[in-house]
Amino acid sequence: MAAGTAVEATGVERDAMARALDLARRGPAHGPNPRVGCVLLAPGPVPGARVLGEGWHRGAGTPHAEVAALADARARGADVRGATAVVTLEPCDHTGRTGPCSVALLEAGVARVVVAVPDPNPAAAGGAGRLRAAGVEVVVGVEEAAGRELLGPWLHAVSRGRPHVTLKLAATLDGRVAAADGSSRWITSPESRAHAHALRAEVDALVVGTGTALADDPALTARAADGGLTAHQPLRVVVGTRDLPAAGRLAGPGGEVLHLRTRDPREVLAALHAREVRRALVEGGPTLAAAFLRAGVVDQVHAYVAPVLLGAGRAAVGDLGIGSIGDALRLRTREVRPLGPDVLVVADVEEEER
Ligand SMILES: NC(=O)c1ccc[n+]([C@@H]2O[C@H](COP(=O)([O-])OP(=O)(O)OC[C@H]3O[C@@H](n4cnc5c(N)ncnc54)[C@H](OP(=O)(O)O)[C@@H]3O)[C@@H](O)[C@H]2O)c1
């Protein structure tokens with residue numbers, strides 16, 4: 001067989017990929033880097049029957065999954081020459097905060113690499129090519145659907161060059177997000193709010209308009225059940241030209257505050273992309289929500305809907321310029337989850353609707 005030519009993955013390797021995906025899930029959902037897991041399998045008469053080492057990526061600046069697995073194998077005293085590396089994302093080929101994983105695998109003498117998802121990041125891709133060129137067998141696309149599902153917003157962000165955007169709404173049954181006097185605390189139940197805080201802890205940035213910042217004086221923090229701040233605090237972003245009060249809750253503890261004096265959603269996303277934000281949660285209000293939807297940059301909607309009626313007050317989303325039902329923006333429901341008395345609807349905005 002020619003150097004680097006791949007044969008199909010074995011059953012043992014597929015099982016190891018399932019394990020590698022589980023390991024990857026231990027990594028943080030937020031941050032600039034993807035969640036990746038790696039399992040090193042011993043060569044031998046029963047190929048891959050013995051695990052030599054395991055690793056996963058614990059976040060930016062820490063070793064990548066492959067390097068962590070090699071270190072684990074070393075700590076176990078295992079010889080990895082001729083081993084198979086089963087890894088959920090194509091090994092990177094660039095030097096960022098750490099060195100290229102392709103080189104680390106080559107230097108360790110790994111003979112075969114089984115990958116779930118090819119790396120779409122132009123800065124990091126090329127690991128499979130380098131490995132093949134050096135005579136390593138590479139199989140790509142093993143359990144790829146599960147790998148893509150795990151990478152989710154990260155994959156989207158690096159392939160499009162802008163953050164994945166989730167629009168969050170907390171609405172009444174009649175689609176309102178504030179009463180006539182502008183008050184909106186609280187429309188939804190404690191269960192919904194706890195869920196929303198868990199979501200905040202998984203994203204890189206929270207985004208609101210100046211209207212919300214001025215009306216609600218939000219802290220824009222991710223809080224645990226006991227009210228304390230979670231370990232990861234997303235960047236707090238306010239969009240709009242008006243000044244913000246120096247003494248508001250945004251001045252309190254939480255993530256860094258970024259006031260972007262623009263009304264252009266694409267400019268907002270470019271600024272966030274430059275800061276390696278992969279997932280942004282736009283929390284409104286209705287004017288900013290409409291601006292993002294009109295710009296075609298909302299990827300998913302999380303609508304917390306409470307069994308509450310207001311009859312008047314702000315609609316969840318401002319004018320989208322839609323005049324007729326045939327032009328309605330129709331989303332694809334991904335999940336419907338009861339939360340106490342409320343319901344969470346998670347829906348994707350499909351490509352053709354943008
Ligand atoms: N229940 C919920 O989920 C929820 C969530 C958030 C807010 N709210 C409620 O919503 C109300 C605030 O709504 P809102 O619509 O005034 O607030 P908003 O959408 O947060 O902010 C609107 C402001 O953002 C700036 N802006 C940024 N990009 C823009 C664009 N492309 N087009 C126009 N303006 C842009 C403008 O201010 P500049 O003049 O500064 O540029 C505009 O006045 C409050 O009552 C709040 O309680 C409810």
Original post:
If you take the Cα Rg of the chain and divide it by 2.2 N^0.38 Å, with N the number of residues, what do you get?
Top reply: 1.13
Original post:
Computed on alpha carbon atoms, what radius of gyration and Dmax characterise segment 278-354, expressed in Å?
Top reply: 13.2, 37
Subject >> Reduced Cα scattering model of segment 98-164, Debye log10 I(q)/I(0), q = 0.12, 0.26, 0.27 Å⁻¹ >> reply: -0.35, -1.15, -1.18
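Viscosity 0.692 mPa s, temperature 37 °C: what is the translational diffusion coefficient of segment 74-204 from Stokes-Einstein with a Kirkwood Rh over Cα pairs, rounded to a whole number of µm²/s?
Estimated via Stokes-Einstein, D reaches 181 µm²/s.
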**OP:** Would you give the gap between the C-alpha center of segment 127-156 and the C-alpha center of segment 304-354, rounded to a whole Å?
**Re:** 35
Subject >> Loop sites in segment 241-320: trypsin sites (Lys or Arg not before Pro), DSSP, at most 15 other Cβ within 10 Å >> reply: 242, 261, 263, 275
Original post:
In the chain, carbon and sulfur make up what percent of the accessible area (probe 1.4 Å)?
Top reply: 53
Original post:
Which value in deg cm²/dmol, rounded to the nearest 500, describes the helix-derived mean residue ellipticity at 222 nm for the chain, given -39,500 (n - 2.57) per DSSP H run of n ≥ 4 and division by the residue count?
Top reply: -8000 deg cm²/dmol
Original post:
Where the eigenvalues come from the Cα gyration tensor of segment 135-259, what are the semi-axes √(5λ) of the equivalent ellipsoid, largest first, in whole Å?
Top reply: 34, 18, 15
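Determine, for each peptide in 224-237, 135-148, the mean count of other beta carbons within 10 angstrom over its residues, then list the peptides with the highest first.
Result, highest mean Cβ count within 10 Å first: 135-148, 224-237.
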Original post:
Quick one: if you stick a label point 7 Å off each Cα along the C-beta vector at residue 133 and residue 160, how many nm between them?
Top reply: 3.2
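Where does segment 1-142 land on Rg/Rh, using Cα atoms and the Kirkwood Rh?
That ratio equals 0.93.
How many Å² of accessible area per residue for the chain, probe 1.4 Å?
45
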Original post:
How many nm separate the modelled label positions at residue 194 and residue 50, each set 7 Å beyond the Cα in the direction of the Cβ?
Top reply: 4.7
Subject >> Distance histogram for segment 211-276 (every C-alpha pair counted, 5 angstrom bins, percent rounded to whole numbers) >> reply: 4, 16, 25, 23, 20, 10, 3, 0
**OP:** With unit charges on the beta carbon (Lys/Arg positive, Asp/Glu negative), name the residue among 251, 114, 55 whose Cα is farthest towards the positive pole of the charge dipole of the chain.
**Re:** 251
Subject >> Computed P(r) (all Cα pairs; segment 69-120; 10 Å bins; percent) >> reply: 24, 55, 20, 1
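The values are calculated or read from the model by the stated rules, or taken from the named source; none is laboratory data. Computed from a predicted model, the values in this text were never measured in an experiment. Cβ: placed from backbone, ideal geometry, glycine included. Neighbour counts: every protein chain shown. Only protein heavy atoms, including side chains, enter the accessible area calculation; ligands, DNA and RNA are left aside. Shrake-Rupley method; radii C 1.70, N 1.55, O 1.52, S 1.80 Å.
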